[in-house]
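Notes to accompany the following structure.
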Ligand SMILES: [Fe+2]
């Protein structure tokens, strides 16, 4: 992170702290069951601020990943659940027969600013999956709100029309409160398999930079060819086939 970027982030953090007193008025209609409501709203403001900086190119995608991970860790995942009225949202979102069901959810806008990032609730029934896929031109963060999932991530090394070369970087069983991110810079390909009924809150920047192109490519991980230690050549796959095979 450059000194200038660090100063910008610091000033946005200080600005957020200074405006905390105003935030209660701005979001009175949003119920957050927390005795540290102002602190939580300040975390949200900082997420919005760094996301706006990403959209205008003032921070890199890698810096956004680092900063949003730090910010999400400052809050309790149950505060995010409360902020989106999770029980009600989850009850109205039926699991998909294959893959995931999603719905847009809204977090408070503590300073009355438009969010620079949009949020979605993902419902993944036991045995279902966020099918293996990679991205170009976007960033996202994934906070597990409930359940247990196997989370795998890969770095995108090279992309072709028929296959992507990727390197495994993460494979773990994760539960409520665990958070992961993707971007063009790191951990670009990901794959979640629900070991029990699970829900995630996704923070999505698509495109990462305003006006840029972005795409999603599904990958046939089971058909990957090992090219060497920690390097896989993975065929691309269409969404219908991918859902049938992995969803
Ligand atoms: Fe994704």
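A few notes on this one:
- The range 89-107: number of residues that are out of contact with any helix residue (DSSP H, G or I) (no Cβ under 7 Å at 6 or more places or on another chain), assigned to a loop (DSSP other than H, G, I, E, B) and within 15 Å of the ligand (Cβ to nearest atom): 1
- Residue in the range 17-32 that is under 16 Å from residue 143 (Cβ atoms) and at pLDDT below 90 present: yes
- Within the range 188-219, the residues that satisfy the criterion of being touching a residue at least 60 places away in the same chain (Cβ under 8 Å), surrounded by fewer than 19 Cβ atoms within 10 Å (Cβ to Cβ) and in a loop (DSSP other than H, G, I, E, B) are 195, 196, 197, 206, 207, 209, 210, 212, 213, 214.
- Odd one out for residue 142, checked against (1) within 15 Å of the ligand (Cβ to nearest atom); (2) under 22 Å from residue 240 (Cα atoms): (2)
- Residues that are exposed (fewer than 15 other Cβ atoms within 10 Å of the Cβ), over 15 Å from the mean Cα position of the chain (by Cα) and part of a strand (DSSP E or B) occur in the range 130-153; there is at least one.
- Condition met for residue 167 (modelled with pLDDT of 95 or more, away from the ligand (no atom under 16 Å from the Cβ) and either surrounded by 19 or more Cβ atoms within 10 Å (Cβ to Cβ) or more than 14 Å from the chain's Cα centre (by Cα) (or both)): yes
- The residues listed here are 110, 123; of these, the one that is more than 18 Å from residue 77 (Cβ to Cβ) and either outside any strand (DSSP E or B) or more than 15 Å from the ligand (Cβ to nearest atom) (or both) is 110.
- Test: residue in the range 148-164 that is closer than 23 Å to residue 98 by Cβ and away from the ligand (no atom under 14 Å from the Cβ): yes
Quick grid of which residues meet (1) more than 20 Å from residue 122 (Cα to Cα); (2) in contact with a helix residue (DSSP H, G or I) (Cβ under 6 Å, 6 or more places away or on another chain); (3) assigned to a helix (DSSP H, G or I):
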residue	(1), (2), (3)
44	no, no, yes
47	no, yes, yes
53	yes, no, yes
59	yes, yes, no
63	yes, no, yes
81	no, no, yes
87	no, no, yes
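The values are calculated or read from the model by the stated rules, or taken from the named source; none is laboratory data. Small disclaimer: the values here were computed from a predicted structure and weren't measured. With ideal geometry, Cβ positions are generated from the backbone for all residues, glycine too; neighbour counts draw on all protein chains shown.
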